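These notes concern the structure reproduced below.
Coordinate-derived values only; no laboratory data. Not measured: the values here are computed from a predicted model. Glycine also receives a Cβ, built like all others from the backbone with ideal geometry; neighbour counts cover every protein chain displayed.
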Amino acid sequence: MKQKHTSKKFVVRLLLAILAFLMLTGVCVYTVFIRPNLHGDTVIYKESQVQKGNLVQGIMESGSIALQESHINYELEINYSEEDDDDGEDEEASRYLQIEEVYAVQGQRMKEGDPLFKISRDSIDAVRRKLQKAKSEAQLELADARSDYNTQARSAKSTYSASKAEADTASRSLAATTNRLQQEIELLYGDIQVLEAEINDYNEKLTDEDTLEDYSDLKYAFEKAQEKLEETDASSVAAYTANYSSFQNAKTAFEELDNRLQGYRDGIEENQEQILEKLEQINQSQADLSREQLSAQQSYDSAVLNGSLAGDIYGYTVDDLAGTVEEAQAAVEEAQALLDDFEAFVGTDGIVYADGSGLITEVAYEAGDRLMNTGAMLSYVKEEDYTITIDVSEEDISYINVGDTVDIEFNAYPDELCSGIVSAVTTTADSSYSSTVNYPVTIRIEGDTGKLYGGMTADITFVTDRAEDVLYVSAKAIVTKEDGSTCVYIKNAEGEMELKTVTTGFSNGSETEITDGLSEGDTVYIASTVSAGQSEESLKQTGGSRPEQGTGENAGDGEEVIPEGMGDFQGGPGEMNLDFPGMP
């Protein structure tokens, strides 16, 4: 029994020793092999496609659409007198236009010429009668004012004329005398002008080159003929007779011209004598005029002094009556203008049409409403009046100028890129009491704004550089070797990862242009590090330790994968000590 008990205790001890050894072995294995691996990092690779499009580099800000409204206004200021309501008609129905039908709806896109409101025919006829009645009454008041003016002004004129009869008589006498003497003087001056014209004509004839030349020729011919006649022998009857005839003809022609010229000289002398006589008559008439004017003026001044009070009374009366007539005339013109504006507003069909195109933002009236006050009937935003105002920091404002073109991406339409123009840059900061200094910049949206609404948010990019229609990949896919060359990991024909040398170009920081080495649609890999304790699934959900962000057109992230057969690779993205085929 004792030996059997000893054997059993030995077995138990042996089992305990084996168990302790196994536990110790497990601790060692965990410490040496498992624990280091738990604290290491795992690199996984995300697939991305080579894209083709435009790369843009610039300043990006966000803002929302602001609408600058235009209005369709009702501007008829119709004021009725209290007597206008005593015509047996319903007061409100006859005083104001009524909306019968509304064609416009808030949010609707209208075009110029679209019907907006229809005014009821009954209200148009009623208001027209009111306005025509107001015009007729104004015309009657004008007629009364003119009648009063004519009657009272005539009476005041009679009183004034009676008190100034002497002045009027003296004035008429002065005017008659002055007129008579001035007419005499004017007639004398007229005679002088005629005489001077004749003198000028005589002088022109005397100094005419053709006449002087004819005179010289005739005189020469006369002298030659006379000389030839004197030299002719009288015994030669035929020669003497011919030369005598030539002499007589030359003499006659010369004397006729000489007499005519002498007549001109005599005429000049006679006209000059007559001018002197006329001037003496003018001097005498002017002396008479001065004397008569002085006498008549003295009589007139005396009469005017006596009648000055009557003149003042007459003036006040006429001015007051004229003011009343002017006011009545203005009332008629105002009534006519209001009636004309009314007819232009209601037109021939009673429909109010759009005077522009744009987005309707507010309709102020409904069917059945009456136009009792002036103001906007409808508000709308023209296509060219969509703007976005953003705040630009003091570091970036120097890059922005009025007229610059910007790219606009609306959150509501992420796949559509719009353009805009910088229309205003405020030179005064809007944050003078803040540590951040910003300047408001206004952008006018260009192109089709048919799908845009007020308040829509957008990202604005002020382009400082761009590359058009290029191949590009995420900048994180680029691997730089120690020799400075650039590479990317691509998926080869066998579906395996392969390092390939590429040539890069323009980069905006998020994407990099590939000028050689890749084609559109090629698959490249972007490395992401999985820390110990982080599952690959969580990395996919969070986008990796450094998620991709791009500003290129059509940029997007591919699927994160660990290529088959690659296993776990140590190291971070871009490092060159990863242990797999094809790596240096």
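Worth pointing out:
- A DSSP coil position with no more than 16 other Cβ atoms inside 10 Å describes the following GluC sites (Glu not before Pro) in the stretch 88-178: E89, E112.
- In nm, spacing of pseudo-spin labels at V105 and E494 (7 Å Cα→C-beta vector): 6.5
- 14 Å beta-carbon shell around E100, net charge (K/R +1, D/E -1): -3
- Environment charge at S295 (Cβ cut-off 15 Å; Lys +1, Arg +1, Asp -1, Glu -1): -1
- Peptides ranked, highest mean first, by Cβ atoms within 10 Å: ranges 47-60, 204-217: 47-60, 204-217
- If the segment from R129 to V304 were pulled out straight at 0.36 nm per residue, it would be longer than the present Cα-Cα gap by 57.6 nm.
- Förster radius 22 Å - calculated FRET efficiency between S216 and T241, Cβ distance, rounded to 0.05: 0.20
- Estimated FRET transfer efficiency when R0 is 60 angstrom, pair T252-A287 (beta carbons, to 0.05): 0.70
- Annotation: extensible slack from R146 through R121 equals 5.3 nm (criterion: 0.36 nm per residue apart, minus Cα-Cα distance).
- Electrostatic tally near V470: other residues with Cβ closer than 9 Å to its Cβ, Lys and Arg +1, Asp and Glu -1, net -2.
- For the stretch 413-467, the list of trypsin sites (Lys or Arg not before Pro) that fall in a loop by DSSP and count at most 16 other C-beta atoms within 10 angstrom reads K451.
- The gain in end-to-end length when the A175 to Y413 segment is fully stretched comes to 76.7 nm, 0.36 nm per residue minus the alpha carbon separation.
- As a length-normalised measure over Cα pairs under 8 Å and 6 or more apart, the relative contact order of the stretch 208-349 settles at 16 percent.
- Legend: residue pairs K118/K382; K118/K451; K205/K251; K46/K476, Cα-Cα distance threshold 19 Å; pairs beyond threshold, K118/K382; K118/K451; K205/K251.
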